[in-house]
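Here the structure comes first, spelled out in structure tokens, and everything after it is commentary.
Bear in mind that the values in this text are calculations on the coordinates, not laboratory data. Treat the numbers as computed from the prediction; the structure is a model and nothing was measured. Note: ideal-geometry Cβ built from the backbone for every residue, glycine included; neighbour counts use all protein chains shown.
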Amino acid sequence: MFLLITALFLWTACEPPVVFTEAQPKGVKTQSTFSKKYQGTYFCDSDSSWVKVSPKMIYKEKTFFFITTRSEVEQNEFIELEGNIAYIDYFETFVQLEEIDDNLLAGNVTLRDTFFEIGEKGILKSYKGNEIIKLMIVAITAMRSIVHYIKTNRRFYNS
């Protein structure tokens, strides 16, 4: 878990220790998808979230259970309520609500945070068995630490 936290810190740090203007390593072909050996869904023990490596992206999902009052939902300008389905504008998501009683509602909302996506701003290369990512103009080799984390922690299923 320490490696994942370290990798995420390195990934989100304002100024990484090494900055490349081109994706590294030079002369290695760009990949269009993550290798199947890395694709899958992994459980993160520290915060009970799921880290998913799909063919073209890495993202994290976490589901939150909540209880609120009907009046709080109705008075919130960022939530649209249609029957027992709420649209939460901030998260751009729909949530199925269950009535606990006349005034209390409960639901689960799943939030997703994309770490990396292959495309115009994200380049993936494979080198000596490691997946190396370049995000925007900064080459980030923290993937090596994430891959180590994935290899040493529980894997639940392939996607």
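See the values below:
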| quantity | calculated |
| --- | --- |
| Summed side-chain charge close to F94 - residues other than F94 whose Cβ falls under 10 Å, Lys, Arg +1, Asp, Glu -1 | -3 |
| Region 51-66 - phi-based ³J(HN,Hα) in whole Hz, Karplus 6.51/-1.76/1.60, Gly and Pro as x | 9, 10, 10, 9, x, 10, 7, 10, 9, 10, 10, 9, 9, 10, 8, 9 |
| Spherically averaged projected area in nm², based on the convex hull that wraps the Cα atoms of region 22-98 | 8.7 |
| Loop-located GluC sites (Glu not before Pro) in region 17-101, at most 15 other Cβ atoms within 10 Å (DSSP) | E22, E77, E92 |
| Candidate aspartates and glutamates - alpha carbon under 18 Å from K52, same-chain residues fewer than 8 apart omitted | E61, D113, E117, E131 |
| For region 62-112: rounded, prolate or oblate by the Cα gyration tensor [a/c cutoff 1.5] | oblate |
| At R0 = 30 Å, FRET efficiency that the Cβ-Cβ distance of D89 and E117 yields, to 0.05 | 0.85 |
| Region 62-112 - percent relative contact order, Cα under 8 Å, separation 6 or more | 42 |
